[in-house]
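Participant: Following this message is one structure expressed as structure tokens.
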Amino acid sequence: METGDFRQLTIDGEVCRVAAGTPLKDACLLAGKEIPTLCWHERLTPASTCRACVVELEGSRTLVSACSRLVEEGMVVHTDSPRVLHARRGIAELLLSVVEDAQVPELQELVQSTGADVAHFRFGATLAQPTRDDNDLYIRDYSQCILCYRCVEACGEDAQNTFAIHVAGRGFGAHIDTGFDRSLVDSDCVFCGNCVQVCPTGALMDKTEWTLRQTGEWDESCIQVSETTCSYCGVGCALDLHVLNQRIVKVTSPYSHPVTQGMLCVKGRYGYEYVQRPDTSSVHSSAP
Amino acid sequence: MSQQGGAQQRLLPNQEIVTQSSPLSFQRLQLRGLNLALERAFGMTTKSMIQEVQDSGIVGRGGAAFPAGLKWLSVNEAAGHSKYVVMNADESEPGTFKDRVLLELDPLLPLAGLAMAAHGVGAHKAYVYLRGEYRHLFSPIQQAWELLERAMPQVLVPLEVRLGAGAYIAGEETALFNSIEGKRPEPRLKPPFPTVQGLFLQPTLIHNVETLANIALLFRDGADRFRAYGSTATPGTKLVSISGRVNRPGVYEVPFGIPLLEILEGVDTAQGMQGGQHLQAVLLGGAAGSFLTAAEVGEATYDYPDLRRYGASIGSGALVVFGQSDVLPEVAQTLAQFFAEESCGQCVPCRIGTVRIKEMLEQFSLSEKQSDLRDLAQTMRDASICGLGQSATTALISLLDRPVLWNWGL
Ligand SMILES: Cc1cc2nc3c(=O)[nH]c(=O)nc-3n(C[C@H](O)[C@H](O)[C@H](O)COP(=O)(O)O)c2cc1C
Ligand code: SF4
Ligand code: SF4
Ligand code: SF4
């Protein structure tokens, strides 16, 4: 029965009662069923474009995406029926037919859990293309892009409200664009790096990290994180300084922080080199 | 192209009306009985209008055959600070050209239906979303609305005509809303449905051109007389677009429930196969439709319940007729190219799936890849966001299911 602000539904045979407005994905988690996702991000509106989170809903002609579909009274949901597993396997195989061995843990888990054959659909067009290295702060390697829309959302209404990038083109040609394929420097981008922060693949990466990876010097296990507060203005954004061999190599902010919710501006994210210059006093005193 | 109707001609104006009046004249409005129909509809309460639409049994002619009355009821009951009605004139389904013919021959009929629909659901504004290639109809549509405004002063809502820019996907209702709003025509996730959260996130009634033409006839004739045509399951007539190897391709009006073969052979309709050709198959419902073999065409009737037995549907009303010399696997390739080009690219199963299907058909034979094609088709059908990806392989699978149409080795 529909009572108050709660909804009763059945997930894999188990009856659950959850608050109205809960996405199916969260209801499933409460029922002990973890749903795989690729495009979903805790800080962003679900775009539901990867379709990895589909579940079977009795009475529905197609599968439904658990990240965006909200619970309804009386729903009967199956999270690991053959149809569900078949679709998830197909999605993993399709993605792996276009992106070169993507370094995405979630995608690798999806391959594992569905028994996907990574070579199944590898006979046609891929996204292979040169890396775009057109600015000092981050690179774009769209050969790894899974078009999850996270960067678009972070740049747009979900965080930055700059709207410097969007999807352009159609079908297989759909891609992230700065508008007429301009370089980032010529685009509306303000280099906040929030798109880099949320990108689940290696498609967007800080230049520092990318350079260190090129030379084999990037070692995740040796990175230490120091928590601090940004010193540029009075907002008080929390910063996590990622330090490798006594040098800051990356700055992020925790998604749980009430002020930033993980998002920063260009100064907080990229303006850290002054900390590690040997001596900058002469630079300051020589300013006119 | 022929535009004759069959014996039961209602949606298309008959020869007499066409010769006696021009499409954009008061005389046409009167000869079609539309002035009285408008007065009748605008004199009714919202509630009784919706009841009449429900009694009529009209189902949407845009492809999905959803009961119109249910949509009206839902929009009417939905809360919103404004409401909209939209005429979907994006007509881009391959093999479908009946909305164009209807709007060219008699724009007053569907637009009168749009005006009535606006009244019926309490809308504040009406939109027509017109396929970019139909720009010659832009001004006639505006003129028709002005004429209706003069016939019914002070009661019509404002109309805005918007021109598409050449994307098939913009015909999908929620992509169409995004397009009107100035965004990329990407389909939205449903629910919420348009009746609750449509254009500008407000309750919206969207209908195909032909559905609205039926609405106008309904309020002219009343539900009982409306139901005198067609079958018990599906009252009314249907505009079919016939192309391919027939003597007289064109748009014809037929009652639901007519034997399928009669549409192809009738003297009032397509008049049979072109010289020397034997019927091999019909692609029913457009690119997202199903192939029927000649034998099936010989038995089937043109109605939803009967066609369901063959896994087929009426769809947009397209019938593409193939002769024995046509190579259907090549047709399947053309369809696959179409979907790969027209996918909006938003979701993985369709963005990548349509390309992989196209490549498989180009690089391999159907028998070599049959199981991979079926495997991928199921993922696309189950997991794609919208109708494009979900039905992009319907025709292909219907072909695979009928080896007589492609597996000549048998
Ligand atoms: C890919 C796609 C394209 C569509 N194109 C059209 C179109 O061109 N015209 C149309 O009336 N409906 C089209 N539809 C169906 C609409 O989404 C919608 O169902 C229809 O306009 C509702 O009107 P009806 O109830 O009168 O049928 C399309 C659907 C899909 C999935
Ligand atoms: S760096 Fe910031 S402004 Fe630039 S594209 Fe990314 S999110 Fe948008
Ligand atoms: S660049 Fe990264 S965040 Fe943007 S769509 Fe591609 S994978 Fe997603
Ligand atoms: S199914 Fe195809 S057309 Fe529809 S939303 Fe997905 S990619 Fe776009």
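The values are calculated or read from the model by the stated rules, or taken from the named source; none is laboratory data. Note that the structure is a prediction, hence the values are computed from the model and not measured. Using ideal geometry, Cβ is built from the backbone for each residue, glycine included, and neighbour counts are taken over all protein chains shown.
Participant: With the condition kept exactly as written, say whether any residue in the range A:199-213 is under 30 Å from B:Gly389 (Cβ atoms) and out of contact with any Cys (no Cβ under 8 Å at 6 or more places or on another chain).
Facilitator: yes
Participant: A further question follows. Just one of A:Ala102, A:Ala27, A:Ala66 is of a type in the set (Gly, Ala, Ser) and modelled with pLDDT under 95; which is it?
Facilitator: None of the others qualify; the one that does is A:Ala102.
Participant: Which of the residues belonging to the range B:63-101 are part of a helix (DSSP H, G or I) and within 8 Å of ligand 1 (Cβ to nearest atom)?
Facilitator: B:Ala68, B:Lys71, B:Asp99
Participant: Further question on the same structure: Of all residues in the range A:164-193, count the ones that are within 14 Å of chain B (Cβ to nearest Cβ), crowded, with 16+ Cβ neighbours inside 10 Å, over 20 Å from the mean Cα position of the chain (by Cα) and assigned to a loop (DSSP other than H, G, I, E, B).
Facilitator: Total satisfying the criteria: 1.
Participant: Now for a different question. Go through the range A:202-241 residue by residue and tally those that are under 17 Å from A:Leu137 (Cα atoms) and polar (S, T, N, Q).
Facilitator: 3
Participant: If the Cβ limit is 8 Å and pairs must be 6+ apart or interchain, which residue in the range B:358-386 that is touching a residue at least 40 places away in the same chain (Cβ under 8 Å) pairs with which residue that is of a type in the set (D, E, K, R) and within 16 Å of ligand 3 (Cβ to nearest atom)?
Facilitator: B:Ile385/A:Arg51
A quick yes/no check of all residues on (1) within 20 Å of A:Val275 (Cα to Cα); (2) at pLDDT below 95; (3) touching a Cys at 6+ places or on another chain (Cβ under 9 Å); (4) within 16 Å of ligand 3 (Cβ to nearest atom):
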position	(1), (2), (3), (4)
A:Ser221	no, no, no, no
A:Thr228	yes, no, no, no
A:Gly236	yes, no, yes, no
A:Asp240	yes, no, no, no
A:Leu244	yes, no, yes, no
A:Arg247	yes, no, no, no
A:Ser253	yes, no, yes, no
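Participant: Would you check if A:Tyr138 is within 14 Å of chain B (Cβ to nearest Cβ), touching a residue at least 12 places away in the same chain (Cβ under 8 Å) and aromatic (Phe, Trp, Tyr)?
Facilitator: Against the criterion (within 14 Å of chain B (Cβ to nearest Cβ), touching a residue at least 12 places away in the same chain (Cβ under 8 Å) and aromatic (Phe, Trp, Tyr)), A:Tyr138 does not qualify.
Participant: Give the range A:90-116 a look and list any residue that's within 8 Å of chain B (Cβ to nearest Cβ) and under 29 Å from B:Pro191 (Cα atoms), or say none.
Facilitator: Once the filter is applied, which keeps residues that are within 8 Å of chain B (Cβ to nearest Cβ) and under 29 Å from B:Pro191 (Cα atoms), the range A:90-116 yields A:Gly90, A:Ile91, A:Leu94, A:Leu95.
Participant: Then there is this: Within the range B:340-357, which residues are hydrophobic (A, V, I, L, M, F, W, C) and facing chain A (nearest Cβ under 7 Å)?
Facilitator: B:Ala340, B:Cys344, B:Cys347, B:Val348, B:Ile352, B:Val355
Participant: Sort out which residues of the range A:194-209 are within 10 Å of ligand 3 (Cβ to nearest atom) and away from chain B (no Cβ under 14 Å), and write them in order of number.
Facilitator: A:Cys195, A:Val196, A:Gln197, A:Val198, A:Cys199, A:Gly202, A:Ala203, A:Leu204, A:Met205 - these are the residues of the range A:194-209 that are within 10 Å of ligand 3 (Cβ to nearest atom) and away from chain B (no Cβ under 14 Å).
Participant: Just the residues that are small (Gly, Ala, Ser) and either modelled with pLDDT under 95 or in a helix (DSSP H, G or I) (or both), please, taken from the range B:17-62.
Facilitator: Once the filter is applied, which keeps residues that are small (Gly, Ala, Ser) and either modelled with pLDDT under 95 or in a helix (DSSP H, G or I) (or both), the range B:17-62 yields B:Ala37, B:Ala41, B:Gly43, B:Ser48, B:Ser56.
Participant: Answer with yes or no whether B:Gly323 is surrounded by 18 or more Cβ atoms within 10 Å (Cβ to Cβ), of a type outside the set (A, V, I, L, M) and either touching a residue at least 12 places away in the same chain (Cβ under 8 Å) or at the interface with chain A (Cβ under 10 Å from one of its Cβ atoms) (or both).
Facilitator: Considered against the rule, which asks whether it is surrounded by 18 or more Cβ atoms within 10 Å (Cβ to Cβ), of a type outside the set (A, V, I, L, M) and either touching a residue at least 12 places away in the same chain (Cβ under 8 Å) or at the interface with chain A (Cβ under 10 Å from one of its Cβ atoms) (or both), B:Gly323 comes out as no.
Participant: Considering only residues that are away from chain A (no Cβ under 13 Å) and of a type in the set (Asp, Glu), which ones fall in the range B:173-207?
Facilitator: Selection gives B:Glu173, B:Glu181.
Participant: Ok, one more. Can you tell me which of B:Gln370, B:Gln337 is under 30 Å from A:Leu147 (Cα atoms), modelled with pLDDT of 95 or more, away from ligand 3 (no atom under 16 Å from the Cβ) and more than 14 Å from chain A (Cβ to nearest Cβ)?
Facilitator: Just a single option satisfies the conditions, and that option is B:Gln370.
Participant: Now a separate question. Do you know which residues across the range B:135-166 are surrounded by fewer than 21 Cβ atoms within 10 Å (Cβ to Cβ) and closer than 30 Å to B:Ser384 by Cβ?
Facilitator: B:Arg162, B:Leu163, B:Ala165, B:Gly166
Participant: What pairs come out if I take residues in the range A:212-241 that are in contact (Cβ under 8 Å) with a residue 24 or more places away in the chain and pair them with residues that are among the charged types (D, E, K, R) whose C-beta lies under 7 Å away, six or more apart or interchain?
Facilitator: A:Trp218/A:Glu209; A:Tyr232/A:Lys267
Participant: Please enumerate the residues belonging to the range A:117-154 that are away from ligand 4 (no atom under 16 Å from the Cβ), within 23 Å of B:Arg351 (Cα to Cα) and surrounded by 22 or more Cβ atoms within 10 Å (Cβ to Cβ).
Facilitator: A:Phe121, A:Arg140, A:Gln144, A:Arg150, A:Cys151, A:Glu153, A:Ala154 - these are the residues of the range A:117-154 that are away from ligand 4 (no atom under 16 Å from the Cβ), within 23 Å of B:Arg351 (Cα to Cα) and surrounded by 22 or more Cβ atoms within 10 Å (Cβ to Cβ).
Participant: Can you tell me which residue is nearest to the other protein chains (Cβ to nearest Cβ) among those in the range B:378-401 that are farther than 20 Å from B:Ala64 by Cα and crowded, with 19+ Cβ neighbours inside 10 Å?
Facilitator: Among those residues, the one meeting the criterion is B:Thr379.
Participant: Restricting to the range B:167-186, name every residue that is buried (at least 18 other Cβ atoms within 10 Å of the Cβ) and assigned to a loop (DSSP other than H, G, I, E, B).
Facilitator: B:Ala167, B:Glu172, B:Arg184, B:Pro185, B:Glu186
Participant: OK, next. Looking for something in contact (Cβ under 8 Å) with a residue 60 or more places away in the chain, at negative phi and not in a loop (DSSP other than H, G, I, E, B) - is there at least one such residue anywhere in the range B:305-315?
Facilitator: Among the residues of the range B:305-315, at least one is in contact (Cβ under 8 Å) with a residue 60 or more places away in the chain, at negative phi and not in a loop (DSSP other than H, G, I, E, B), which makes the answer yes.
Participant: Output the number of the condition that B:Leu189 fails; it satisfies all remaining conditions of (1) within 15 Å of ligand 4 (Cβ to nearest atom); (2) surrounded by 21 or more Cβ atoms within 10 Å (Cβ to Cβ); (3) among the aliphatic types (A, V, I, L, M).
Facilitator: (2)
Participant: In the range A:227-270, what count of residues is obtained for those that are over 23 Å from the mean Cα position of the chain (by Cα) and part of a loop (DSSP other than H, G, I, E, B)?
Facilitator: 9
Participant: OK, next. Given the criteria away from ligand 2 (no atom under 12 Å from the Cβ) and at pLDDT 95 or above, does A:Tyr149 qualify?
Facilitator: For A:Tyr149, the condition - away from ligand 2 (no atom under 12 Å from the Cβ) and at pLDDT 95 or above - is met.
Participant: Is it the case that some residue within the range B:122-133 is under 22 Å from the mean Cα position of the chain (by Cα), in contact (Cβ under 8 Å) with a residue 12 or more places away in the chain and within 14 Å of another protein chain (Cβ to nearest Cβ)?
Facilitator: no
Participant: List, please: which pairs have Cβ atoms under 6 Å, are six or more places apart or on different chains, and start with a residue in the range B:65-76 that is of a type in the set (Val, Ile, Thr) and end with one that is not in a loop (DSSP other than H, G, I, E, B)?
Facilitator: That search, which allows pairs on different chains as well, returns B:Val75/B:Val121; B:Val75/B:Leu205.
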